[in-house]
Amino acid sequence: MIRVIASLAFLLLINTPAMARGTGDLGLFIERASSSVQIVETSSNTSIGSVAGLGDLSHASVVYSRDQRYAYIFGRDGGLTKVDILKAEISQRKLQSGNSIGGAISQDGRLVAVSNYKPGGVKVFDADTLELVADIPATFGDNNQRSKVIGLVDAPEGKFVFALWDAGEIWVLDMSQRDRPVIEKFKNIGRNPYDALITGDGRYYIAGLFGEDGMAMLDLWNPSAGVKRILPDYGKGEQKLPVFKMPHLEGWAVAGDLAFVPAIGAHEVLVINMRDWQEAGRIKVHGQPIFVMARPDGRQVWVNFAIPNNDTIQVIDTQTLAVIKQLKPGKGVLHMEFEPRGEEVWLSVRDENRVEVYDTRSFERRNTIPATKPSGIFFTARAHRIGL
(Lines give C-alpha, C1' and ligand atoms only; values in the text may rest on other atoms or scores of the structure.)
Protein backbone atom coordinates (compact mmCIF):
# COMPACT_ATOMS: atom_id res chain seq x y z
CA MET A 1 0.00 0.00 0.00
CA ILE A 2 2.82 2.40 0.86
CA ARG A 3 4.43 1.71 -2.52
CA VAL A 4 1.13 2.43 -4.36
CA ILE A 5 0.64 5.69 -2.48
CA ALA A 6 4.20 6.76 -3.28
CA SER A 7 3.65 6.02 -6.98
CA LEU A 8 0.44 8.05 -7.04
CA ALA A 9 2.21 10.93 -5.30
CA PHE A 10 4.96 10.88 -7.93
CA LEU A 11 2.42 10.99 -10.78
CA LEU A 12 0.67 13.95 -9.14
CA LEU A 13 4.01 15.72 -8.71
CA ILE A 14 5.11 15.51 -12.36
CA ASN A 15 1.68 16.69 -13.57
CA THR A 16 1.32 19.69 -11.30
CA PRO A 17 0.91 23.09 -13.02
CA ALA A 18 4.41 24.06 -11.92
CA MET A 19 5.85 21.16 -13.92
CA ALA A 20 3.66 21.57 -17.01
CA ARG A 21 5.25 22.92 -20.16
CA GLY A 22 3.78 24.32 -23.37
CA THR A 23 5.39 23.99 -26.77
CA GLY A 24 5.16 27.50 -28.22
CA ASP A 25 8.64 28.63 -27.16
CA LEU A 26 10.40 25.37 -27.98
CA GLY A 27 12.39 24.15 -30.95
CA LEU A 28 15.38 22.08 -31.84
CA PHE A 29 18.62 22.19 -33.72
CA ILE A 30 20.41 19.48 -35.63
CA GLU A 31 23.74 18.04 -34.49
CA ARG A 32 24.74 16.49 -37.79
CA ALA A 33 27.91 14.69 -36.71
CA SER A 34 26.30 12.83 -33.80
CA SER A 35 22.92 11.93 -35.38
CA SER A 36 21.17 13.88 -32.67
CA VAL A 37 19.14 17.00 -31.93
CA GLN A 38 19.09 19.36 -28.98
CA ILE A 39 15.71 20.61 -27.78
CA VAL A 40 15.79 24.28 -26.85
CA GLU A 41 13.64 26.92 -25.20
CA THR A 42 13.65 30.44 -26.64
CA SER A 43 12.33 32.19 -23.53
CA SER A 44 15.48 31.34 -21.60
CA ASN A 45 17.81 30.65 -24.56
CA THR A 46 18.75 27.29 -23.12
CA SER A 47 19.03 23.66 -24.14
CA ILE A 48 16.58 21.49 -22.20
CA GLY A 49 17.12 18.04 -23.69
CA SER A 50 18.48 15.95 -26.53
CA VAL A 51 17.51 12.99 -28.68
CA ALA A 52 20.00 10.66 -30.40
CA GLY A 53 19.78 7.82 -32.91
CA LEU A 54 18.41 9.84 -35.83
CA GLY A 55 20.60 8.54 -38.65
CA ASP A 56 22.34 10.66 -41.30
CA LEU A 57 21.52 14.30 -40.56
CA SER A 58 23.92 15.84 -43.07
CA HIS A 59 21.04 17.61 -44.83
CA ALA A 60 18.24 17.32 -42.30
CA SER A 61 15.08 19.41 -42.15
CA VAL A 62 12.14 19.51 -39.75
CA VAL A 63 8.40 20.20 -39.72
CA TYR A 64 6.02 20.21 -36.75
CA SER A 65 2.61 18.84 -35.86
CA ARG A 66 -0.22 21.31 -35.43
CA ASP A 67 0.00 21.12 -31.64
CA GLN A 68 3.77 21.75 -31.93
CA ARG A 69 4.55 18.71 -29.82
CA TYR A 70 5.96 16.42 -32.50
CA ALA A 71 8.88 17.13 -34.80
CA TYR A 72 9.16 15.20 -38.05
CA ILE A 73 12.83 14.96 -39.00
CA PHE A 74 13.85 14.14 -42.55
CA GLY A 75 17.33 12.62 -42.78
CA ARG A 76 19.59 12.27 -45.79
CA ASP A 77 19.62 8.47 -45.36
CA GLY A 78 15.88 8.30 -46.10
CA GLY A 79 14.99 8.27 -42.43
CA LEU A 80 11.69 9.75 -41.29
CA THR A 81 11.66 10.20 -37.52
CA LYS A 82 8.82 11.46 -35.34
CA VAL A 83 10.21 12.99 -32.14
CA ASP A 84 8.19 13.90 -29.06
CA ILE A 85 9.87 17.12 -27.96
CA LEU A 86 8.10 17.21 -24.58
CA LYS A 87 9.33 13.75 -23.65
CA ALA A 88 12.62 14.13 -25.57
CA GLU A 89 12.25 10.73 -27.19
CA ILE A 90 11.66 9.08 -30.54
CA SER A 91 8.01 8.18 -31.05
CA GLN A 92 8.45 6.40 -34.39
CA ARG A 93 11.12 6.02 -37.02
CA LYS A 94 11.36 4.39 -40.43
CA LEU A 95 13.78 4.27 -43.35
CA GLN A 96 11.49 5.10 -46.24
CA SER A 97 14.04 5.50 -49.08
CA GLY A 98 17.72 5.38 -49.92
CA ASN A 99 18.33 9.13 -50.06
CA SER A 100 15.93 11.94 -49.20
CA ILE A 101 16.16 15.72 -49.23
CA GLY A 102 13.33 17.14 -47.12
CA GLY A 103 9.62 17.05 -46.48
CA ALA A 104 6.41 18.86 -45.61
CA ILE A 105 3.29 18.45 -43.50
CA SER A 106 -0.21 18.93 -44.91
CA GLN A 107 -2.46 21.88 -44.14
CA ASP A 108 -4.60 19.80 -41.78
CA GLY A 109 -1.57 18.19 -40.12
CA ARG A 110 -2.68 14.65 -40.98
CA LEU A 111 -0.14 13.78 -43.67
CA VAL A 112 3.63 14.03 -43.90
CA ALA A 113 5.29 13.96 -47.32
CA VAL A 114 8.96 13.20 -48.05
CA SER A 115 10.88 14.11 -51.21
CA ASN A 116 13.37 11.51 -52.34
CA TYR A 117 16.48 11.45 -54.48
CA LYS A 118 16.75 7.66 -54.52
CA PRO A 119 14.51 6.33 -55.77
CA GLY A 120 13.21 9.62 -57.11
CA GLY A 121 9.70 10.47 -55.99
CA VAL A 122 7.48 11.48 -53.08
CA LYS A 123 6.08 9.27 -50.35
CA VAL A 124 3.18 10.38 -48.16
CA PHE A 125 2.66 9.03 -44.64
CA ASP A 126 -0.01 9.20 -41.95
CA ALA A 127 1.23 11.78 -39.44
CA ASP A 128 0.05 9.76 -36.44
CA THR A 129 1.27 6.29 -37.34
CA LEU A 130 3.82 6.91 -40.13
CA GLU A 131 2.01 4.30 -42.20
CA LEU A 132 2.46 4.74 -45.96
CA VAL A 133 -0.52 6.45 -47.60
CA ALA A 134 0.78 7.15 -51.13
CA ASP A 135 3.90 6.41 -53.18
CA ILE A 136 4.39 8.83 -56.09
CA PRO A 137 7.30 7.88 -58.37
CA ALA A 138 8.80 10.88 -60.20
CA THR A 139 8.88 9.27 -63.63
CA PHE A 140 9.35 11.16 -66.87
CA GLY A 141 10.21 10.62 -70.52
CA ASP A 142 9.50 7.71 -72.83
CA ASN A 143 11.64 5.34 -70.76
CA ASN A 144 10.04 6.24 -67.43
CA GLN A 145 13.24 7.57 -65.93
CA ARG A 146 13.18 8.55 -62.25
CA SER A 147 14.01 12.11 -61.30
CA LYS A 148 15.36 13.51 -58.06
CA VAL A 149 12.67 15.52 -56.27
CA ILE A 150 13.45 18.87 -54.67
CA GLY A 151 11.57 21.89 -53.36
CA LEU A 152 8.72 19.97 -51.70
CA VAL A 153 6.32 22.30 -49.87
CA ASP A 154 2.81 22.15 -48.49
CA ALA A 155 0.07 24.22 -50.10
CA PRO A 156 -3.54 25.05 -49.18
CA GLU A 157 -6.43 22.66 -49.89
CA GLY A 158 -4.49 19.53 -49.01
CA LYS A 159 -1.85 19.89 -51.70
CA PHE A 160 1.89 19.40 -51.96
CA VAL A 161 4.05 20.99 -54.66
CA PHE A 162 7.51 19.88 -55.76
CA ALA A 163 9.96 20.05 -58.65
CA LEU A 164 11.83 17.39 -60.61
CA TRP A 165 15.54 18.16 -61.03
CA ASP A 166 16.18 15.80 -63.93
CA ALA A 167 12.90 16.36 -65.78
CA GLY A 168 12.54 20.13 -65.46
CA GLU A 169 8.96 19.84 -64.24
CA ILE A 170 6.71 21.04 -61.39
CA TRP A 171 4.08 18.68 -60.00
CA VAL A 172 1.09 19.55 -57.83
CA LEU A 173 -0.07 16.61 -55.73
CA ASP A 174 -3.63 16.88 -54.40
CA MET A 175 -4.05 14.71 -51.30
CA SER A 176 -7.38 16.16 -50.17
CA GLN A 177 -8.79 12.66 -50.69
CA ARG A 178 -6.01 10.57 -49.27
CA ASP A 179 -7.08 7.36 -50.98
CA ARG A 180 -7.23 9.05 -54.40
CA PRO A 181 -4.14 11.20 -55.05
CA VAL A 182 -4.39 13.51 -58.07
CA ILE A 183 -1.29 14.84 -59.84
CA GLU A 184 -1.11 17.86 -62.14
CA LYS A 185 2.15 18.14 -64.09
CA PHE A 186 3.73 21.27 -65.53
CA LYS A 187 6.48 20.40 -68.01
CA ASN A 188 9.37 22.25 -69.64
CA ILE A 189 9.76 24.77 -66.82
CA GLY A 190 13.54 25.06 -67.34
CA ARG A 191 16.68 23.02 -66.73
CA ASN A 192 17.57 21.65 -63.31
CA PRO A 193 15.30 23.32 -60.74
CA TYR A 194 17.53 23.20 -57.66
CA ASP A 195 15.27 24.49 -54.89
CA ALA A 196 11.91 26.18 -54.53
CA LEU A 197 9.74 28.26 -52.25
CA ILE A 198 6.10 29.08 -51.76
CA THR A 199 4.83 32.49 -50.72
CA GLY A 200 3.39 32.85 -47.23
CA ASP A 201 -0.17 33.00 -48.57
CA GLY A 202 0.34 29.74 -50.44
CA ARG A 203 -0.27 31.29 -53.84
CA TYR A 204 3.03 31.41 -55.74
CA TYR A 205 5.47 28.51 -56.09
CA ILE A 206 8.87 29.62 -57.42
CA ALA A 207 11.69 27.32 -58.46
CA GLY A 208 15.27 28.44 -59.04
CA LEU A 209 16.97 27.05 -62.15
CA PHE A 210 20.56 25.86 -62.07
CA GLY A 211 20.80 24.99 -65.75
CA GLU A 212 19.72 28.31 -67.22
CA ASP A 213 18.81 31.91 -66.41
CA GLY A 214 15.64 32.93 -64.64
CA MET A 215 13.20 31.36 -62.20
CA ALA A 216 10.00 29.41 -62.84
CA MET A 217 6.80 30.61 -61.15
CA LEU A 218 3.46 28.81 -60.84
CA ASP A 219 0.38 30.73 -59.68
CA LEU A 220 -1.55 28.11 -57.71
CA TRP A 221 -4.66 30.27 -57.78
CA ASN A 222 -4.58 30.25 -61.57
CA PRO A 223 -2.79 27.05 -62.58
CA SER A 224 -4.36 27.03 -66.04
CA ALA A 225 -2.06 29.94 -66.93
CA GLY A 226 0.87 27.54 -66.67
CA VAL A 227 4.39 28.23 -65.46
CA LYS A 228 5.75 31.72 -66.05
CA ARG A 229 9.43 32.60 -66.36
CA ILE A 230 10.45 35.49 -64.13
CA LEU A 231 13.78 37.31 -63.90
CA PRO A 232 14.81 35.99 -67.34
CA ASP A 233 18.12 37.88 -67.29
CA TYR A 234 19.26 36.49 -63.94
CA GLY A 235 21.03 33.26 -63.22
CA LYS A 236 23.99 30.99 -63.55
CA GLY A 237 24.21 31.49 -67.30
CA GLU A 238 25.47 35.05 -67.13
CA GLN A 239 28.52 34.56 -64.89
CA LYS A 240 31.41 32.20 -64.40
CA LEU A 241 31.81 32.08 -60.63
CA PRO A 242 31.91 28.55 -59.21
CA VAL A 243 28.98 27.59 -57.01
CA PHE A 244 30.38 26.25 -53.74
CA LYS A 245 26.95 25.59 -52.22
CA MET A 246 23.46 25.87 -53.62
CA PRO A 247 21.40 28.79 -52.28
CA HIS A 248 18.41 27.79 -50.16
CA LEU A 249 15.26 29.45 -51.45
CA GLU A 250 13.00 28.25 -48.63
CA GLY A 251 14.66 30.79 -46.37
CA TRP A 252 13.60 33.66 -48.61
CA ALA A 253 12.64 37.02 -47.18
CA VAL A 254 9.67 39.29 -47.73
CA ALA A 255 9.34 42.90 -46.60
CA GLY A 256 6.26 44.73 -47.81
CA ASP A 257 6.08 44.36 -51.59
CA LEU A 258 9.72 43.33 -51.90
CA ALA A 259 11.21 39.85 -51.88
CA PHE A 260 14.89 39.15 -51.27
CA VAL A 261 16.50 36.01 -52.67
CA PRO A 262 20.09 34.73 -52.86
CA ALA A 263 21.71 35.09 -56.27
CA ILE A 264 23.17 31.81 -57.47
CA GLY A 265 26.91 31.98 -58.01
CA ALA A 266 27.05 35.76 -57.47
CA HIS A 267 27.93 37.96 -54.50
CA GLU A 268 24.50 39.56 -54.53
CA VAL A 269 21.07 39.50 -52.95
CA LEU A 270 18.37 39.94 -55.57
CA VAL A 271 15.41 42.24 -54.83
CA ILE A 272 12.10 41.44 -56.53
CA ASN A 273 9.00 43.63 -56.75
CA MET A 274 6.19 41.21 -55.92
CA ARG A 275 3.57 43.36 -57.61
CA ASP A 276 4.90 42.60 -61.07
CA TRP A 277 7.65 40.04 -60.31
CA GLN A 278 10.29 42.24 -61.91
CA GLU A 279 13.78 42.82 -60.62
CA ALA A 280 13.89 45.84 -58.31
CA GLY A 281 17.57 45.89 -57.47
CA ARG A 282 20.68 43.97 -56.46
CA ILE A 283 22.56 44.34 -53.20
CA LYS A 284 26.28 43.63 -53.17
CA VAL A 285 27.19 41.36 -50.28
CA HIS A 286 30.23 39.70 -48.74
CA GLY A 287 30.11 36.41 -50.67
CA GLN A 288 27.78 33.88 -52.26
CA PRO A 289 24.61 34.01 -50.14
CA ILE A 290 23.05 30.79 -48.91
CA PHE A 291 20.16 31.85 -46.67
CA VAL A 292 18.50 35.25 -47.00
CA MET A 293 16.03 35.56 -44.14
CA ALA A 294 13.81 38.39 -42.93
CA ARG A 295 13.20 39.30 -39.33
CA PRO A 296 9.49 38.60 -38.70
CA ASP A 297 8.60 42.31 -38.88
CA GLY A 298 10.36 42.63 -42.26
CA ARG A 299 12.64 45.48 -41.17
CA GLN A 300 15.89 43.52 -41.49
CA VAL A 301 17.24 40.79 -43.76
CA TRP A 302 20.05 38.56 -42.45
CA VAL A 303 22.38 36.82 -44.89
CA ASN A 304 24.92 34.02 -44.47
CA PHE A 305 27.43 32.78 -47.04
CA ALA A 306 29.14 29.81 -48.66
CA ILE A 307 32.82 29.03 -48.18
CA PRO A 308 35.28 30.72 -47.97
CA ASN A 309 33.13 33.48 -46.43
CA ASN A 310 31.05 31.33 -44.11
CA ASP A 311 32.31 33.02 -40.94
CA THR A 312 30.28 36.14 -41.70
CA ILE A 313 26.73 37.43 -41.32
CA GLN A 314 25.50 40.63 -42.97
CA VAL A 315 22.33 42.52 -42.06
CA ILE A 316 20.42 44.50 -44.71
CA ASP A 317 18.02 47.34 -43.92
CA THR A 318 14.94 46.77 -46.09
CA GLN A 319 14.11 50.47 -46.33
CA THR A 320 17.46 51.63 -47.64
CA LEU A 321 18.56 48.31 -49.19
CA ALA A 322 21.95 48.88 -47.56
CA VAL A 323 24.12 46.56 -45.48
CA ILE A 324 24.00 48.06 -41.99
CA LYS A 325 25.89 45.48 -39.95
CA GLN A 326 28.50 42.78 -40.39
CA LEU A 327 29.12 40.11 -37.76
CA LYS A 328 31.79 37.43 -37.47
CA PRO A 329 30.23 34.72 -35.27
CA GLY A 330 32.80 32.10 -36.30
CA LYS A 331 33.66 29.64 -39.03
CA GLY A 332 30.88 27.63 -40.61
CA VAL A 333 27.75 29.72 -39.94
CA LEU A 334 25.31 27.38 -41.67
CA HIS A 335 21.82 28.28 -40.52
CA MET A 336 19.76 31.04 -38.91
CA GLU A 337 16.38 31.04 -37.21
CA PHE A 338 14.52 34.02 -35.77
CA GLU A 339 12.53 33.68 -32.60
CA PRO A 340 8.80 33.97 -33.37
CA ARG A 341 8.59 37.74 -32.81
CA GLY A 342 12.10 38.46 -34.03
CA GLU A 343 13.78 40.00 -30.99
CA GLU A 344 16.58 37.44 -31.21
CA VAL A 345 18.13 35.23 -33.87
CA TRP A 346 19.91 31.89 -33.42
CA LEU A 347 22.96 30.99 -35.52
CA SER A 348 24.62 27.59 -35.88
CA VAL A 349 28.42 27.86 -35.99
CA ARG A 350 29.24 24.36 -37.15
CA ASP A 351 33.02 24.42 -37.31
CA GLU A 352 33.34 25.84 -33.81
CA ASN A 353 30.74 23.51 -32.24
CA ARG A 354 28.32 26.04 -30.86
CA VAL A 355 25.00 27.79 -31.40
CA GLU A 356 24.85 31.51 -30.70
CA VAL A 357 21.93 33.81 -29.92
CA TYR A 358 22.04 37.48 -30.96
CA ASP A 359 19.85 40.46 -30.14
CA THR A 360 18.51 41.78 -33.47
CA ARG A 361 18.36 45.40 -32.28
CA SER A 362 21.72 45.81 -30.56
CA PHE A 363 23.47 42.96 -32.46
CA GLU A 364 24.96 41.84 -29.14
CA ARG A 365 25.52 38.15 -28.44
CA ARG A 366 23.09 36.96 -25.76
CA ASN A 367 24.07 33.34 -25.25
CA THR A 368 26.22 30.47 -26.50
CA ILE A 369 25.17 26.80 -26.41
CA PRO A 370 27.78 24.07 -26.92
CA ALA A 371 26.82 21.69 -29.75
CA THR A 372 28.34 18.95 -31.91
CA LYS A 373 28.58 20.24 -35.50
CA PRO A 374 25.23 22.08 -35.41
CA SER A 375 23.34 22.90 -38.60
CA GLY A 376 19.60 23.48 -39.05
CA ILE A 377 17.61 25.34 -36.38
CA PHE A 378 13.82 24.95 -36.31
CA PHE A 379 11.38 26.56 -33.86
CA THR A 380 7.85 25.27 -33.30
CA ALA A 381 6.31 28.51 -34.60
CA ARG A 382 6.88 26.94 -38.03
CA ALA A 383 3.89 24.67 -37.34
CA HIS A 384 1.49 27.43 -38.34
CA ARG A 385 3.26 28.81 -41.42
CA ILE A 386 2.73 27.62 -44.98
CA GLY A 387 5.78 26.14 -46.68
CA LEU A 388 7.83 25.71 -43.50
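The values are calculated or read from the model by the stated rules, or taken from the named source; none is laboratory data. For clarity, every value in this text was computed on a predicted model and none was experimentally measured. Don't worry about glycine lacking a Cβ; one is built from the backbone with ideal geometry, like all the others, and counts go over all protein chains shown.
Modelled with pLDDT of 90 or more and either under 25 Å from L249 (Cα atoms) or surrounded by 21 or more Cβ atoms within 10 Å (Cβ to Cβ) (or both): is that true of R69 in this structure? Spelling it out, it is not the case that R69 is modelled with pLDDT of 90 or more and either under 25 Å from L249 (Cα atoms) or surrounded by 21 or more Cβ atoms within 10 Å (Cβ to Cβ) (or both).
Here's the yes/no breakdown for (1) of a type in the set (A, V, I, L, M); (2) surrounded by fewer than 22 Cβ atoms within 10 Å (Cβ to Cβ):
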| position | (1), (2) |
| --- | --- |
| A52 | yes, yes |
| D56 | no, yes |
| H59 | no, yes |
| Y64 | no, no |
| G79 | no, no |
| Q92 | no, yes |
| K118 | no, yes |
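Basic (K, R), under 21 Å from P232 (Cβ atoms) and part of a loop (DSSP other than H, G, I, E, B): does that describe R282? Judged against the criteria, R282 is not a match. Within the range 296-322, the only residue that satisfies the criterion of being surrounded by fewer than 20 Cβ atoms within 10 Å (Cβ to Cβ), touching a Lys or Arg at 6+ places or on another chain (Cβ under 9 Å) and of a type in the set (S, T, Y) is T312.
Within the range 178-211, being assigned to a strand (DSSP E or B) and of a type in the set (A, V, I, L, M, F, W, C) holds for V182, I183, F186, A196, L197, I198, I206, A207, L209. Close Cβ contacts (under 6 Å, 6 or more residues apart or on different chains) running from residues in the range 222-235 that are within 14 Å of E169 (Cα to Cα) to residues that are at pLDDT 85 or above comprise V227/F186; V227/I189; V227/A216; V227/L218; K228/M217; R229/G214. Residues of the range 41-57 that are under 17 Å from V355 (Cα atoms) and within 18 Å of the chain's Cα centre (by Cα): L57 alone.
Residue-by-condition table, conditions (1) within 17 Å of the chain's Cα centre (by Cα); (2) assigned by TED's automatic domain parsing to the domain that holds A381; (3) under 21 Å from L388 (Cβ atoms):
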{"position": "Q278", "(1), (2), (3)": "no, yes, no"}
{"position": "V292", "(1), (2), (3)": "yes, yes, yes"}
{"position": "D297", "(1), (2), (3)": "no, yes, yes"}
{"position": "K328", "(1), (2), (3)": "no, yes, no"}
{"position": "M336", "(1), (2), (3)": "yes, yes, yes"}
{"position": "E343", "(1), (2), (3)": "no, yes, yes"}
{"position": "W346", "(1), (2), (3)": "yes, yes, yes"}
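Whenever a residue of the range 137-154 is in the same structural domain as I206 (by TED's automatic domain parsing) and farther than 19 Å from E250 by Cβ, its partners that are among the charged types (D, E, K, R) and not in a strand (DSSP E or B), lying with C-beta atoms within less than 6 angstrom and at least six residues away or across chains, give the pairs S147/D166. Give the residues of the range 156-213 that are under 30 Å from G256 (Cβ atoms), crowded, with 19+ Cβ neighbours inside 10 Å and among the charged types (D, E, K, R), sorted by residue number. If the condition is that a residue be under 30 Å from G256 (Cβ atoms), crowded, with 19+ Cβ neighbours inside 10 Å and among the charged types (D, E, K, R), then K159, D195 are the ones that fit. Scanning the range 255-295 for residues that are touching a residue at least 40 places away in the same chain (Cβ under 8 Å) and in contact with a Lys or Arg (Cβ under 9 Å, 6 or more places away or on another chain) yields a count of 7.
Screening G376 on (1) within 30 Å of D108 (Cβ to Cβ); (2) part of a loop (DSSP other than H, G, I, E, B); (3) in contact with a strand residue (DSSP E or B) (Cβ under 7 Å, 6 or more places away or on another chain); (4) of a type outside the set (D, E) shows it passes everything except condition (2). The residue that is surrounded by the most Cβ atoms within 10 Å (Cβ to Cβ), counting only those in the range 276-295 that are more than 19 Å from S362 (Cα to Cα) and small (G, A, S), is G287. Once the range 330-373 is narrowed to residues that are in contact with a helix residue (DSSP H, G or I) (Cβ under 9 Å, 6 or more places away or on another chain) and over 23 Å from I48 (Cα atoms), the residue that is surrounded by the fewest Cβ atoms within 10 Å (Cβ to Cβ) is K331. Each residue in the range 183-199 was checked for being more than 24 Å from Q107 (Cα to Cα) and among the hydrophobic types (A, V, I, L, M, F, W, C), and 1 of them qualify.
Assess whether G49 counts as being without any contact (Cβ under 8 Å) to a residue 60 or more places away in the chain and over 30 Å from R146 (Cβ atoms). Spelling it out, G49 is indeed without any contact (Cβ under 8 Å) to a residue 60 or more places away in the chain and over 30 Å from R146 (Cβ atoms). Scan the range 314-332 and give yes if some residue there is touching an Asp or Glu at 6+ places or on another chain (Cβ under 7 Å), within 20 Å of F29 (Cβ to Cβ) and either outside any loop (DSSP other than H, G, I, E, B) or without any contact (Cβ under 8 Å) to a residue 12 or more places away in the chain (or both), otherwise no. Within the range 314-332, none of the residues are touching an Asp or Glu at 6+ places or on another chain (Cβ under 7 Å), within 20 Å of F29 (Cβ to Cβ) and either outside any loop (DSSP other than H, G, I, E, B) or without any contact (Cβ under 8 Å) to a residue 12 or more places away in the chain (or both).
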